[in-house]
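Here is the structure we will look at.
The values are calculated or read from the model by the stated rules, or taken from the named source; none is laboratory data. Since the model is a prediction, treat every value here as computed from it, not as a measurement. Using ideal geometry, Cβ is built from the backbone for each residue, glycine included, and neighbour counts are taken over all protein chains shown.
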Amino acid sequence: MAGFVDVKGHPDDADLRFMVPITDGPSFLHRGTADVLLPASKYQGWQQAPWVAHCGCGFWLHADDIEKVAGCLATPVRTVKSVRRMLASLVGADVKQPFITFEQRETDADPDYRALTRRLLQLSDDIVESVHFAD
């Protein structure tokens, strides 16, 4: 697990931010239909490895609570735009649908990938709950 990307603000509440978990390591070779490959890049003098943003596992978090969550990363604007496009397609917005490969569909059905998705969803729930009860 590499961390989380702050993707965008809530349209009705400027204090809420949408966070998407990202993973590194071998998971970037296998991505599902709701995932976005974030290529390796250099950003503000910091080398980023290739990661996968798991858009189907995102959550809303108050902006004041972001610093409480370990692993929240600053990312280049072009990276955030690709994640936003995927999120828009997931909610049925009128955007160009991302190209889905046969391998991505196979990955969605893979038991190890499903286990990873369950862990990411549980982690997202745990973060929201821990921040909520810490206040």
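Things to note:
- Only listed residue being in a helix (DSSP H, G or I), farther than 15 Å from residue 120 by Cα, of a type in the set (A, V, I, L, M) and modelled with pLDDT under 85, chosen from 88, 93: 88
- Annotation: of all residues in the stretch 63-72 being buried (at least 16 other Cβ atoms within 10 Å of the Cβ) and not in a loop (DSSP other than H, G, I, E, B), the one that is modelled with the lowest pLDDT is 72.
- Just one of the listed residues (107, 75) is among the polar types (S, T, N, Q), over 19 Å from residue 5 (Cβ atoms) and either crowded, with 18+ Cβ neighbours inside 10 Å or modelled with pLDDT of 90 or more (or both), namely 107.
- The stretch 1-52: number of residues that are outside any strand (DSSP E or B), among the polar types (S, T, N, Q) and modelled with pLDDT under 85: 2
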